[in-house]
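Inspection log for the structure reproduced underneath, given as C-alpha cells.
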Amino acid sequence: MPSVSTGAPTTVGASPSPSTATADPAIAPASASAHLSPGRPGYRRMSLALFAAGVATFALLYSTQALLPAISTGLGVTASQASWTVSAATGALALFVLPLSALSERSGRRTLMTVSLAVAVVVGLLVPFAPSLEWLVALRAVQGAALAGLPASAMAFLAEEVRPKALVAAIGLFVAGNSVGGMSGRILTGWVAQLWGWRAALGAVGLLAVVCAVAFRVLLPKARNFTPRSLSPRSLARTVGGHLADPLLRRLYAIGALFMTVFGAVYTVIGYRLAEAPFDLPQGVIGSIFLVYLVGTVSSAAAGRLVGRLGRRGALYLAVGTTAAGLLLSLADTLAAVLLGLVLITAGFFAGHAVASSSVSRTAKTGRAQASALYQSAYYLGSSAGGTLGAIAFHAGGWVATVLLGLAAVLGVVSLTLYGTHRARAERRLTAAAA
C-alpha cells in the first residue's frame, strides 16, 4: 500500500507552462473557492471515485497471491516459481512509480490515473488466459507497471483539489479503498477458485476492476487546480539524488523495504502452509484469512498516538517487537496460534509502515512528491523481494525457513533504528558541546 502525505506535493525541476500562466484571478487555480471540501459539490463524487480506484488497484495488484497453491498445481510449478506472479507486478510498480509521478506533472493527474487504470484492467482481463507461467508473469509485470500511475497521481490530485482541512479525511478514504481492495480481491479469488478454478478467480477480479474503473471515470470530477508543468530530467535527478544522499531518508526507505519484505514473504507463503498438513484448509477458507488485514487498518490509525507517546523510534521498536512475536508464534502447529501470529505480524507491519512513511513526508523539506515516490519504490521492491525470497525459503526449508527470513529482516529494522538513535544522541552531544 502507498505512503501517505498530507502536504501538497512539491516537484523540483518543473516550471509552469507559458500557456497556462495567468494573472487573472478569475481563473487562477489557487483560488480557495475552487477547492473541494465536505458538503461542497463534487467532494463526495471525488471521494467515491478514488475509493473505487483504490479497490481496483490493490485487487489487481495482489490478485494471484491467495491463488499461488492453485497456480502451482495448475501449471505444475514450484512455490518459488509461482511467487513471481506477485513479485513481477509489485517490482514493476516499484520501478515505474517515480517516472510516472513526474509524467503526471505534464499530462495531468486525472488523465494519467484514467489511462493507468484502463491499461491495468485490460491486462487483468487477459491474465486468466495466460497459457504458461512465463506469459502469466509477463502480463503481471505489465499490469504492475500500469498500476504505478495510480499511487503516483492520486495523492497529488487530492493535495491540489481538496481544501487542506479536509485532506486527511480524503486521503484516508483512498487508503481505505486500497485496504478493502487488497482484502476483498484475495477473499474473492479464494472462494471463486474453490468453486471454478484459479483462472475463473482471476477473471472475477478483472470484472470487479472493470466495474471500479467505470465508476472511477464517471464519478471523478475534472481537475480545477492543476497547472501543467514542463519536465526537467536534470533537476528531477538532482532532487532524487538529494533525497538518496540524506542518511535519515535512506534509513526510512530501508525500514519500509524491510518491513514489506516480512509482510510479502509471510502472505505469499501462508497459503501453502495452510493448504498442507496439519491444516489442510480449502482454497476459500485460505482466502478468507486475509480478513486479518482489518487489524492493519486499526494499527496504522493508532500509529500517530504511538508516536506521540513513545516517539518515532519507540513506536518502531514496538512495531518490530510485535512483528517478531507474531513470526515466532506462527511456528506452532495449531490454527489458533497461526492466526494470532498473523494478527500480530499484520499489526506490527502496518504500524511500522505508517511511522516510516509519515516520517518521510516530515523529513523531506523539498521535493516531497519525489521523496514519497522513492519510499513507495523501496516499499514495493521489498514486497517483490519478500515474495520471491519467502517462497524460495519455504521451498528449501518449509515455514521455519520463511520465519527465519522474516526475523532477519526484523533484525535489520532494529539495527537501522538503533543506529539512528546513536546518531541522534551523538549529534545532540556535539550541539551541546558547541553551545
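The values are calculated or read from the model by the stated rules, or taken from the named source; none is laboratory data. Remember, it's a predicted structure, so these values are computed and weren't measured experimentally. Heads up, the Cβs are rebuilt from the backbone with ideal geometry, glycines too, and the neighbour counts pull from every protein chain shown. These accessible areas exclude ligands, DNA and RNA; they are computed on the full protein's heavy atoms, side chains included. Shrake-Rupley method; radii C 1.70, N 1.55, O 1.52, S 1.80 Å.
May I ask you to list the residues in segment 394-414 that are more than 14 Å from A319 (Cα to Cα), out of contact with any Ser or Thr (no Cβ under 7 Å at 6 or more places or on another chain) and either free of Cβ contacts under 8 Å to residues at least 60 places away in the same chain or of a type outside the set (F, W, Y) (or both)? Even if it seems obvious, please write down each step before you answer.
Pass one, segment 394-414, residues more than 14 Å from A319 (Cα to Cα): 394-405, 408.
So of that shortlist, the ones also out of contact with any Ser or Thr (no Cβ under 7 Å at 6 or more places or on another chain) come out as 396-402, 404-405, 408.
Passing the criteria: A396, G397, G398, V400, A401, T402, L404, L405, A408.
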Inset, instruction - Would you be able to tell me the number of residues in segment 247-290 that are surrounded by fewer than 24 Cβ atoms within 10 Å (Cβ to Cβ) and among the small types (G, A, S)? - result: 5
Inset, instruction - With the checklist (1) open to solvent by less than 10 Å² (accessible area, probe 1.4 Å); (2) modelled with pLDDT of 90 or more; (3) over 15 Å from L252 (Cβ atoms); (4) in contact with a Gly (Cβ under 9 Å, 6 or more places away or on another chain) in hand, flag the one item V413 doesn't pass. - result: (3)
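Among T85, T114, which is the only one that is part of a helix (DSSP H, G or I), closer than 20 Å to Q194 by Cα and not hydrophobic (A, V, I, L, M, F, W, C)? Explain how you work it out, then say what you get.
Details: T114 fails: closer than 20 Å to Q194 by Cα.
Answer to the check: T85.
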Inset, instruction - Could you tell me which numbered condition R229 fails, if it satisfies all but one of (1) basic (K, R); (2) at pLDDT 90 or above; (3) touching a Pro at 6+ places or on another chain (Cβ under 8 Å)? - result: (2)
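Yes/no per residue for (1) over 25 Å from the mean Cα position of the chain (by Cα); (2) of a type in the set (D, E, K, R):
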residue: R186; (1), (2): no, yes
residue: W198; (1), (2): no, no
residue: A201; (1), (2): no, no
residue: G206; (1), (2): no, no
residue: C212; (1), (2): no, no
residue: N225; (1), (2): yes, no
residue: P247; (1), (2): no, no
residue: L252; (1), (2): no, no
residue: V269; (1), (2): no, no
Inset, instruction - Please specify each residue of segment 184-209 satisfying the condition of being open to solvent by 10 Å² or more (accessible area, probe 1.4 Å) and within 19 Å of I289 (Cβ to Cβ). - result: S184, I187, L188, W191, V192, A193, Q194, L195, W198, A204
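If you go through segment 418-435 one residue at a time, how many are modelled with pLDDT of 90 or more and surrounded by 14 or more Cβ atoms within 10 Å (Cβ to Cβ)? Please lay out each step first, then the result.
Here is the first cut: in segment 418-435, the residues modelled with pLDDT of 90 or more are 418.
Narrowing further to those that are surrounded by 14 or more Cβ atoms within 10 Å (Cβ to Cβ): none.
Going through segment 418-435 one residue at a time, the tally reaches 0.
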Legend entry - Conditions (1) within 20 Å of V77 (Cβ to Cβ); (2) assigned to a helix (DSSP H, G or I); (3) not aliphatic (A, V, I, L, M): number failed by P131: (2)
Inset, instruction - May I ask you to say which residue of V360, V343, V355 is open to solvent by 30 Å² or more (accessible area, probe 1.4 Å) and part of a helix (DSSP H, G or I)? - result: V343
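Suppose the filter is of a type outside the set (A, V, I, L, M, F, W, C), within 23 Å of G284 (Cβ to Cβ), at pLDDT below 80 and buried (at least 24 other Cβ atoms within 10 Å of the Cβ); does G181 pass it?
On the way: of a type outside the set (A, V, I, L, M, F, W, C): yes; within 23 Å of G284 (Cβ to Cβ): yes; at pLDDT below 80: yes; buried (at least 24 other Cβ atoms within 10 Å of the Cβ): yes.
Answer is yes for this residue.
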Inset, instruction - Tally the residues that are open to solvent by 70 Å² or more (accessible area, probe 1.4 Å) and of a type in the set (D, E, K, R), restricting the search to segment 93-137. - result: 2
Inset, instruction - Run down T22, T90 and say which single residue is open to solvent by less than 40 Å² (accessible area, probe 1.4 Å), among the β-branched types (V, I, T) and either at pLDDT below 80 or closer than 30 Å to G190 by Cβ (or both). - result: T90
Inset, instruction - Just give me the residues in segment 63-87 being crowded, with 24+ Cβ neighbours inside 10 Å and either of a type in the set (D, E) or modelled with pLDDT under 90 (or both), in sequence order. - result: Q65, A66
